[in-house]
1. Per residue, how much accessible area does the chain have with a 1.4 Å probe, in Å²?
2. Taking 0.36 nm per residue of separation and subtracting the Cα-Cα distance, what length does fully extending Glu132 through Asp70 add?
3. Quick query: amide H of Asn73 versus all other amide H atoms, modeled in the peptide plane; which residues come in under 5 Å with a sequence gap of 5 or more or a different chain?
4. Going through the DSSP H helices of the chain, which span 24 Å or more along their own axis at the Cα atoms while scoring at least -1.0 as a mean Kyte-Doolittle hydropathy?
5. What FRET efficiency comes out for Glu237 versus Asp178 if R0 is 25 angstrom and r is the Cβ-Cβ distance? Round to the nearest 0.05.
6. Which value, in debye to the nearest 20, describes the size of the charge dipole of the chain about its Cα centre when Lys and Arg Cβ atoms bear +1, Asp and Glu Cβ atoms bear -1, and nothing else is charged?
7. Assuming R0 = 30 Å, can you tell me the calculated FRET efficiency for the pair Ser256 and Gln35, based on Cβ-Cβ distance, to the nearest 0.05?
8. So the label point goes 7 Å from the Cα of Tyr8 along Cα→C-beta, right? Which residues of segment 36-58 then have their backbone N under 20 Å from it?
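The values are calculated or read from the model by the stated rules, or taken from the named source; none is laboratory data. What you see is a predicted model; the values in this text were computed from it and never measured. Note: ideal-geometry Cβ built from the backbone for every residue, glycine included; neighbour counts use all protein chains shown. Areas reflect the complete protein model, heavy atoms only, side chains present, ligands, DNA and RNA absent. Shrake-Rupley method; radii C 1.70, N 1.55, O 1.52, S 1.80 Å.
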Amino acid sequence: MPVQTPQYSQIETQNLTLGYDSLTIVKNLDLTIPQGQITALVGANGCGKSTLLRGLARLLKPSHGGVYLDQTNILKISTKDIAKKLGILTQGPFSPEGLTVRDLVAFGRSPYQNWFQQWTKEDERLVEIALETTRMKELAERELDTLSGGQRQRAWIAMALAQDTNILLLDEPTTFLDLAHQIEVLDLLWELNQNQGRTLVMVLHDLNQACRYADNLIALKDGQVFAAGKPDLVMTEEMVKEVFGLECRIILDPVSGTPMCVPMGRNGRK
């Protein structure tokens with residue numbers, strides 16, 4: 001079934017400051033997300049990765065500066081219009097008991113519904129495309145709580161696809177998954193970028209996976225950008241030491257040829 005490649009949208013920040021109550025996490029951040037590519041946010045716990053992603057998704061209001069979508073401050077864009085351009089997958093999303101995969105994916109069409117326009121053939125078409133793309137069609141009538149962790153994550157990604165946005169923001173999409181399911185989900189996200197040209201921004205903890213799957217890395221330290229660019233430029237022993245407080249060696253991944261971090265333990269143990 002053919003899939004239309006979304007039109008690119010540009011997302012950027014200007015002097016963005018984010019925090020909770022009196023605690024500032026992200027400070028005066030100027031950032032432009034590359035269009036049509038995969039960007040991974042990396043950094044130590046508490047550095048501001050998830051906070052930044054929440055700010056980009058308009059889930060957290062800036063205390064200063066702003067986030068801009070196609071040069072318009074997202075706070076000035078209606079919720080429905082934002083939802084047609086930008087999708088978000090948070091950590092550990094909650095779903096009501098008894099919800100089927102198809103029901104969940106159909107929620108992705110909510111931004112296009114209103115009192116005079118109900119479910120359409122286009123809605124149905126995009127739900128079917130999302131199920132096929134994520135290889136969830138055979139599981140469409142299954143309840144979410146009967147699925148494996150990897151299958152559930154694919155179902156949530158399918159919902160985001162049905163939303164038909166050209167930007168997807170994902171907060172630790174591989175959390176709580178075993179290694180095989182982590183690779184399954186990351187392969188799927190890579191295919192979405194390669195085949196449909198979607199812009200993906202995701203928070204990842206695994207540096208080696210970030211280097212293998214992302215076109216760009218943004219390494220955060222104390223709420224600011226320490227380094228940004230292609231993995232082979234950002235992933236250095238100095239960056240890992242400064243950002244993570246970890247001694248390491250950087251070698252080439254024998255499979256992908258991308259940078260690979262080999263951590264050194266206490267007392268130089270390898």
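1. Details: 13570 Å² over 270 residues.
Normalised by residue count, the accessible surface of the chain is 50 Å².
2. Fully extending the segment from Glu132 to Asp70 adds 19.3 nm.
3. Those lying under 5 Å, H to H, from Asn73: there are none.
4. 179-196
5. Values: r = 29 Å, r/R0 = 1.16.
After rounding, the FRET efficiency stands at 0.30.
6. On the way: 27 positive and 32 negative charges, 88 e Å.
Dipole size: approximately 420 debye.
7. Values: r = 23 Å, r/R0 = 0.77.
Efficiency, rounded to the nearest 0.05: 0.80.
8. 36-41
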